[in-house]
Amino acid sequence: QVQLVESGGGLVQAGGSLRLSCAASGIIFSAYAMNWYRQAPGKQRELVAIISSGGTTNYAESVKGRFTISRDNAKNTVYLQMNYLKPEDTAVYYCYASTLSGYWGQGTQVTVSS
């Protein structure tokens, strides 16, 4: 059974930082790209960052220079370090595993107050 469990969300003031974690089980974690998406109220889910199995990263323009995605294959965990947070970063953040079937985590709420 595949599970992706996010943690690390919360309430933070603008300019602050949070680190999200996504622990995966039931997949060969090191073989797949991992992604972070987010969905704000009333908006479509959008890709925030992706890290390939080899460690190559890409980011949405809106978070470049502020967010960093990384992975620890020994811990089957992907991280999203979020710095200089803005109110517009407020959303539910989801982890997604790019396996053939694709798997989502349950999401973790990030709220940035102004």
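The values are calculated or read from the model by the stated rules, or taken from the named source; none is laboratory data. In this text, all values refer to a predicted model and were calculated from it rather than measured experimentally. Positions of Cβ are generated from backbone atoms using ideal geometry, with glycine treated the same way; all protein chains shown enter the neighbour counts. Quick note on the areas: whole protein, heavy atoms, side chains included, nothing else; ligands and nucleic acids left out. Shrake-Rupley method; radii C 1.70, N 1.55, O 1.52, S 1.80 Å.
When the residues of segment 34-49 are narrowed to those that are touching a residue at least 40 places away in the same chain (Cβ under 8 Å) and surrounded by 19 or more Cβ atoms within 10 Å (Cβ to Cβ), which ends up nearest to residue 6 (Cα to Cα)?
Per the stated criteria, the residue is 36.
Filtering segment 4-31 down to residues that are under 15 Å from the mean Cα position of the chain (by Cα) and open to solvent by 40 Å² or more (accessible area, probe 1.4 Å), which residue is nearest to residue 76 (Cα to Cα)?
Filtering first and then ranking leaves 23.
Considering (1) more than 15 Å from residue 96 (Cα to Cα); (2) of a type outside the set (Phe, Trp, Tyr); (3) free of Cβ contacts under 8 Å to residues at least 40 places away in the same chain, say which one residue 18 fails and leave the rest.
Every listed condition holds for residue 18 apart from (3).
Considering only segment 60-81, state which residues are farther than 12 Å from residue 21 by Cβ and in contact with a Leu (Cβ under 7 Å, 6 or more places away or on another chain).
60, 67
Please go through segment 84-110 and pick out each residue that is within 19 Å of residue 66 (Cβ to Cβ), open to solvent by less than 50 Å² (accessible area, probe 1.4 Å) and of a type outside the set (A, V, I, L, M).
89, 90, 93, 94, 95, 108 - these are the residues of segment 84-110 that are within 19 Å of residue 66 (Cβ to Cβ), open to solvent by less than 50 Å² (accessible area, probe 1.4 Å) and of a type outside the set (A, V, I, L, M).
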